[in-house]
Amino acid sequence: MSKVYFASARIKKWKYADSMPGKLENLLREINLLRYFEKDEWVAVKTHLGSEGAHRIVRPVFLRKVIDALKGAGAKPFITDTVRIKGLDYLEVANHNGINHLSVGSPVVLADGLYGNDNIMVKAGEILGEIAVSSLIHDVPAMVVCSHVKGHIQAGYGGAIKNVAMGGVSSSHRHCGWKCGRGAMHTIGEGKLMWDAEKCELCLQCVEICPLEAIKFEGEIFGYSENGCWRCGRCTRVCPGVALTLPGDDERFMKALAEAAKAVLGTFRPNKIIYINFLTEIQPECDCMPSADVPVIQDQGILISDDIVAVEQATIDILLKAKPLPQSAMDGLKIEDAADILFHLSQKPYKLQIEEAERLGLGSKDYELIEI
Ligand code: SF4
Ligand code: SF4
């Protein structure tokens, strides 16, 4: 049975040891980093750097604690993520969100280069075939996966599996393009965007959010560059009238996430990765959206484990006991206090991510929760 260490967000004493940063230090001591990382070993601290308006990410103060603990264990850590928007702009977003060398105490580097196409094709599975894993994550010997837990309009739930799967894979490959990258998870077939003129409100949010300027309206007529599009799906997610859609299938998507996670994790030797899930500022949508809504669930705490399935299952079990927050996206939803909040938000079968990850041998849903 896998061990999952947990520190609650509630404080009982007004002292540093009872603070969230203080508890994270304790968790990192408890799991004993020396069991995973060697002296002078390069360790990627994989997180999501957010977007210009999405400030609810893993806060720099927590990343600093992770970096300091790794340095204390003799390792050489750095912060990384794959390119979500143009690479230079993404580094600037990280800086805006307070993640830079000065604040976190280590370099902040892009895992798949400034153009997001520095990657290596890795065998994935029945759904994806092969997938473009960022070369840095492919090559680095060890990793700490720091995931901000939240809802997600397509995945239903975003935690460690999604962070590794979407975040370890590039948007595009230099030869086979989006079909070898994240787009292979987001859509199927040719993955062409479909536009419904009847439903379009001409709000132009799709134009604003596209990281590649692939969408252009000629008057009231939608047009986009099919070849230039990464199939990231952001335009579909901001579209208020569901006028824009990408062909897809929920079950396939959840299973593809697990498959991509397996491809990424398979590039590491055993016992070289730990997972930290931050159940903080749990908002309804992805950290790559242009804004972050108020949390729908109160801060719960931090979980740490060396088993990705166990840490995800423990996260879900805690969220299933949480109550919806008032004055949030939960307003107007008629659910009981203890109901499945994330499912009610998205109506997506998100637990499939975890079930499939277990089926693929990435870990176990059976865990022992150790609260410190
Ligand atoms: S899916 Fe939409 S937002 Fe993403 S690259 Fe294509 S057009 Fe742009
Ligand atoms: S976001 Fe949707 S509704 Fe708004 S302009 Fe684009 S297609 Fe039309």
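Each reported figure results from applying straightforward, stated rules to the coordinates on display, with no laboratory input. Because the structure is predicted, anything quoted here is derived from the model rather than measured.
Span-like helix check, the chain: qualifying full DSSP H segments, with Cα axial length of 15 Å or more and mean Kyte-Doolittle of -1.0 or more, are 20-31, 60-72, 250-265, 308-321. The alpha carbon convex hull volume per residue for the range 189-245 rounds to 75 Å³. Measuring nothing but alpha carbons in the range 124-193 and taking Rh as the Kirkwood radius, the Rg to Rh ratio lands at 0.98. Comparing GLU126, GLU355, GLU312 in a Gaussian network model of the chain where C-alpha atoms under 10 Å apart are linked, the largest mean-square fluctuation is found at GLU126. I'd like the antiparallel share, as a percent to the nearest 5, of DSSP beta bridges with both residues in the chain. Bridges in the chain are about 55 percent antiparallel.
Using C-alpha pairs under 8 Å with a sequence gap of at least 6, the mean separation divided by the residue count of the chain gives a relative contact order of 23 percent. If you wrap the Cα atoms of the chain in a convex hull and average its projected area over all directions, you get 17.7 nm².
Taking N as the number of residues in the range 106-249, what is its alpha-carbon radius of gyration divided by 2.2 N^0.38 Å? Could you put the intermediate results ahead of the total?
Working: Rg = 16.2 Å, N = 144, 2.2 N^0.38 = 14.5 Å.
Rg over 2.2 N^0.38 Å, computed on Cα atoms: 1.11.
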